[in-house]
Amino acid sequence: MIELKDVSYVRLGTRDLDDALSFATGYLGLEVAETARNAAYLRSDDRAHTLCYFDGDPEDHTVGFEVEDEENLQLAAATLERLGHPVHAGTPEECDLRKVKAFIGFRDPTGNHIELVVRPERSGKRYFATRDAGITGFSHIGLYTTDPSRDERFWTEVCNAKVSDRIGDIPLMRVNEIHHTIALLASDRAGIQHVNHQVQTSDDVMRSYNFLHERNVPIVFGPGRHPTSGARFLYFKGPDGMVFEYSVGVDAIEDEEGHNPRQFGFEPSSFCKWGSKPAADFRR
Ligand SMILES: O=C/C=C/C(C(=O)O)=C(/O)C(=O)O
Ligand SMILES: [Fe+2]
C-alpha cells in the first residue's frame, strides 16, 4: 500500500511564463519564491513552493504527493513496477528543480503524471502575497479520469486514499483528515482539471468574486456551496484554460473508522446547494 501523506505541488507547462506569473501573483494571489531556469516557483503557504509553472507544453500537468521517507518511496516504486506502471527515479537535478530530497514519477491508469516525493522543502519565511486573496494554502486537485471506477480502485487499493463521498460514480477521496485531496472528474483525457487553494473566510470568496469579475477573469462556477464537503467555493479560469478554485470550510473527517462515503446523485444540486451551475467550459 502506497501511503500518501498530502498533496505537495502541481507543475504546469506554459508557453507564456510571464503571463502565467502575472496571473499567479496579480489575480490568484500567490507569492513568487523563485524564478529560475525557465520556471516560476510560487508559494501559497509555509511550503517552499506549491505551484511551478515551467516553459513547456500547456497540456503537461504533474501532481506531486508526499510520502514518508525514501524507504517508502522504494517500496512504492516496486509496487508500481509490479503493477505495470513504469517508474522514473528523479535525478539529482530533477530533485533540485522540485525542491525535494527524492522522487519517482509514473502515470496513473488514466495517464496522469504523478510524482511521489520525499522531504519537500518548507520555508522559514511566512507566505506573503502582494494580492491579499486570503489564501491559507494549496489543498487539493481535480484530476481527469477516463474510467472513474478503475481509477478509484487505483487510488484506494494501490494507494491509501479513502472515498469520502461520491457524486454518481465520481469519488472525492482523502489521504488525511481533510474531506478530499483528489477529486476525479470523468473525461476522455488525462490532466488536472482544477487546482484548489483554501481561503480564510467566506468574505474572501465573495471579495475575490467581485475582484476577478471586474477584471474580466472568467468565473466558471460559483460562488456556491458544495453539499459534499460543505465548502463555499469559487472557480475561475487562469492561463492555458486551467481552472483554479478558492474554497473555505471543507469538512475534516474526524471519525476515520466511522465515516461511510455518502452517495449523491449526478445532478446539479449535488455540486452546489445554492443553485449555481458550472459554465459550459468548466471542464476543458
Ligand atoms: O462538485 C463536487 C465538488 C466537490 C468539492 C467539494 O466537496 O469541496 C470540490 O472541491 C471539488 O471537487 O472541486
Ligand atoms: Fe475542488
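The values are calculated or read from the model by the stated rules, or taken from the named source; none is laboratory data. Note that the structure is predicted; figures quoted are calculated from it, not measured. All Cβ positions, even for glycine, are placed from backbone atoms using ideal geometry, and neighbour counts span all protein chains on display. The area values use the complete protein model at the heavy-atom level, side chains included, leaving out ligands, DNA and RNA. Shrake-Rupley method; radii C 1.70, N 1.55, O 1.52, S 1.80 Å.
Positive-end ranking of 243, 143, 13 along the dipole of the chain, with charges on Cβ about the Cα centre, is headed by 243. If you model the range 164-209 as an ellipsoid using its alpha carbon gyration tensor, with each semi-axis the square root of five times an eigenvalue, the axes come out at 23, 15, 10 Å, biggest first. Diagonalising the gyration tensor over the Cα atoms of the range 90-140 and scaling each eigenvalue by 5 before taking the square root yields semi-axes of 26, 17, 8 Å, largest first. The range 188-264 and the range 99-167 have Cα centres spaced 15 Å apart. The antiparallel fraction among DSSP beta bridges confined to the chain stands at about 65%. Based on Cα contacts under 8 Å between residues 6+ apart, the chain shows a relative contact order of 17 percent. At a 1.4 Å probe radius, carbon and sulfur cover how many percent of the accessible area of the chain? Using a 1.4 Å probe with all protein chains present, the chain comes out at 46 percent carbon and sulfur. All C-alpha pair distances within the range 199-284, sorted into 5 Å bins from zero, spread as 3, 14, 21, 23, 18, 12, 6, 3, 1, 0 percent across the bins.
Once the gyration tensor of the Cα atoms in the range 6-118 is diagonalised, the equivalent ellipsoid follows with semi-axes of 26, 15, 12 Å, ordered largest first. The packing ranking, built from the mean of other Cβ atoms within 10 Å per residue, places the peptides 238-247, 89-98 in the order 238-247, 89-98, highest first. List every residue whose amide H lies under 5 Å from the amide H of residue 140, counting only residues 5 or more places away in sequence or on a different chain, with H placed 1.01 Å from N in the peptide plane. It is 196, by chain and number. Give me the percent of Cα-Cα pairs in the chain that sit more than 26 Å apart, rounded to a whole number. More than 26 Å apart: 40 percent of the Cα pairs in the chain.
In a fully extended conformation the segment linking residue 267 and residue 91 would gain 58.8 nm over its present Cα-Cα distance, using 0.36 nm per residue.
The residues of the chain present an accessible area of 44 Å² per residue when probed at 1.4 Å with all protein chains retained.
For residue 135, neighbours were defined as the other residues whose beta-carbon sits under 15 Å from its Cβ, and their charges (Lys and Arg +1, Asp and Glu -1) total -1. Cross-link check: pairs 125/162; 125/273; 162/237; 5/273; 162/273 evaluated at a Cα-Cα cut-off of 27 Å; pairs beyond the cut-off: 125/162; 125/273; 162/237; 5/273.
Counting only heavy atoms of the protein chains and using a 1.4 Å probe, residue 277 has close to 130 Å² of accessible surface. Among 126, 225, 107, the residue with the largest mean-square fluctuation in a Gaussian network model of the chain, with springs joining Cα atoms closer than 10 Å, is 126. How much net charge surrounds residue 227 when only other residues with a Cβ under 10 Å from its Cβ are counted (Lys, Arg +1; Asp, Glu -1)? For residues surrounding residue 227, the net value is +2. Residues whose amide H comes within less than 5 Å of that of residue 220, counting only those at least five positions distant or on another chain, are 235, 236, 237 (H built at 1.01 Å from N in the peptide plane). Rounded to whole numbers, the Karplus 3J(HN,Hα) couplings from phi for the range 62-76 are 9, 10, x, 10, 7, 10, 4, 7, 5, 5, 4, 5, 5, 4, 5 Hz, using 6.51 cos²θ - 1.76 cosθ + 1.60 with θ = phi - 60°, and x at Gly and Pro.
Report the Rg/Rh value for the range 135-271, based on alpha-carbon coordinates and the Kirkwood definition of Rh.
0.96
Each residue of the range 195-205 was assigned a 3J(HN,Hα) from its phi angle through the Karplus expression (A = 6.51, B = -1.76, C = 1.60, θ = phi - 60°), giving 10, 9, 10, 7, 10, 6, 9, 4, 4, 5, 4 Hz with x at Gly and Pro.
Summarising the amide proton neighbourhood of residue 8: residues at separation of 5 or more, or on other chains, whose placed amide H is nearer than 5 Å comprise 64, 65, 66.
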